[in-house]
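Heads up: the structure comes next, in structure tokens.
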Amino acid sequence: MYRLIASDLDETLLDSDHHVPERVRRAIAAARELGVKFVPATGRPYESADGTLEELGLLGAPGEYVLSFNGGVITENAERAPLTSCGLPAGTAEALYQAGIERGLCIHVYTLEHVYLYNYWPHERSYIEGRMNIVETAEKSLDFLSEAGEHVVKLLFMSLDMDELRRTERELDEAGLTAGLDVVYSSNRYLEFNAPGINKGAGLLALAERLGIAPEETMAIGDNSNDVPMLRAAGLGVAVANASAEALEAADYVCEADNDAGGVAEAIERFVLD
């Protein structure tokens, strides 16, 4: 019996309109009636999941959790205070920020309090506006964060050209800027830089241990490379039909349904409710 299900949000749990399909809501509700924990696992900040939590009836629910910042932060939904935290070394964050500026990329800088956007391109604005606490910045260094008492939890580059992002990853790796970091892709538009050891798989196992749930009693559902550590760590790794090649390869089961058709529901119906 799977007692803990962790699911990615964008392009996995959520449809193309950024909502939870009705079929998925019903399946999650039925699983929770059986005592199964359902945990959103996102690369985004905790607060950005509020709309999804509300749709699932989990907003403010005691004893329910969210994995945010790619598993680096575990938050309990009633208290809304981080139970864990993480952060990029300041020098590493600054070097990556400068590399993004030099390449003219759109840059997200995540702290526990805000998401700072440098080069907030129109197509990125239309994609994320209203879902995160965005602060636009034109600062040429990250010194302003220390002055505000904030630290970088993670940093990412955005481009609709995945070849550009992969080329950038290779260049940064060759320059030694990403040594030891957990580097992943998400949403077919992001290259993400996380602190060493910070990934959704580690976050899932840490939460399972807190809850007294064995790794083999966990299921993970995802669609992209930032979900791969979670798919591999879980007792059962599931990829929705629209998943990337990396996620498909890492999964134990591949859904027939994509995120719009309720792939998450398919997995729950097959492995929990059947």
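The values are calculated or read from the model by the stated rules, or taken from the named source; none is laboratory data. Only a predicted model underlies this, so the values are computations on that prediction, with no experimental measurement involved. Ideal geometry is used to build each Cβ from the backbone, glycine not excepted, and the neighbour counts take in all protein chains shown.
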When you check GLU47 against the structure, is it modelled with pLDDT of 95 or more and among the acidic types (Asp, Glu), yes or no? no
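Just need a number here: residues in the stretch 124-178 that are surrounded by 15 or more Cβ atoms within 10 Å (Cβ to Cβ) and assigned to a loop (DSSP other than H, G, I, E, B). Give the derivation first.
Within the stretch 124-178, the subset surrounded by 15 or more Cβ atoms within 10 Å (Cβ to Cβ) is 124, 127-128, 131-132, 134, 137, 142, 145, 150-159, 165, 168-169, 172, 177-178.
Next, only the ones that are assigned to a loop (DSSP other than H, G, I, E, B) stay: 131-132, 137, 142, 150-153, 159, 177-178.
Residues flagged as surrounded by 15 or more Cβ atoms within 10 Å (Cβ to Cβ) and assigned to a loop (DSSP other than H, G, I, E, B) within the stretch 124-178 amount to 11.
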Checked ALA208, ALA243, ALA257 against criteria (of a type outside the set (Val, Ile, Thr), part of a helix (DSSP H, G or I) and either at pLDDT below 95 or not assigned by TED's automatic domain parsing to the domain that holds HIS108 (or both)); the one match is ALA208
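Just for the stretch 95-123: of the residues that are in a helix (DSSP H, G or I) and touching a residue at least 40 places away in the same chain (Cβ under 8 Å), which one is surrounded by the fewest Cβ atoms within 10 Å (Cβ to Cβ)? First the steps, then the outcome.
Here is the first cut: in the stretch 95-123, the residues in a helix (DSSP H, G or I) are 95-102, 122-123.
In the following step, the residues that additionally are touching a residue at least 40 places away in the same chain (Cβ under 8 Å) were identified as 95-100.
On the way: ALA95: 17, LEU96: 25, TYR97: 22, GLN98: 14, ALA99: 20, GLY100: 24.
Once the filter is applied, the top-ranked residue is GLN98.
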Per the filter on the stretch 1-17, residues under 16 Å from the mean Cα position of the chain (by Cα) and closer than 21 Å to TYR65 by Cβ are ILE5, ALA6, SER7, ASP8, LEU9, ASP10, THR12, LEU13, LEU14
Checked the stretch 57-94 for anything crowded, with 20+ Cβ neighbours inside 10 Å and hydrophobic (A, V, I, L, M, F, W, C); matches are LEU58, VAL66, LEU67, PHE69, VAL73, ILE74, CYS86, LEU88, ALA93
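Determine whether the stretch 27-37 contains at least one residue that is within 15 Å of ASP260 (Cα to Cα) and either crowded, with 19+ Cβ neighbours inside 10 Å or touching a helix residue (DSSP H, G or I) at 6+ places or on another chain (Cβ under 8 Å) (or both). Walk me through it before giving the result.
Keep residues of the stretch 27-37 that are within 15 Å of ASP260 (Cα to Cα), which gives 27.
Now drop any that are not either crowded, with 19+ Cβ neighbours inside 10 Å or touching a helix residue (DSSP H, G or I) at 6+ places or on another chain (Cβ under 8 Å) (or both), which leaves 27.
Yes, some residue in the stretch 27-37 is within 15 Å of ASP260 (Cα to Cα) and either crowded, with 19+ Cβ neighbours inside 10 Å or touching a helix residue (DSSP H, G or I) at 6+ places or on another chain (Cβ under 8 Å) (or both).
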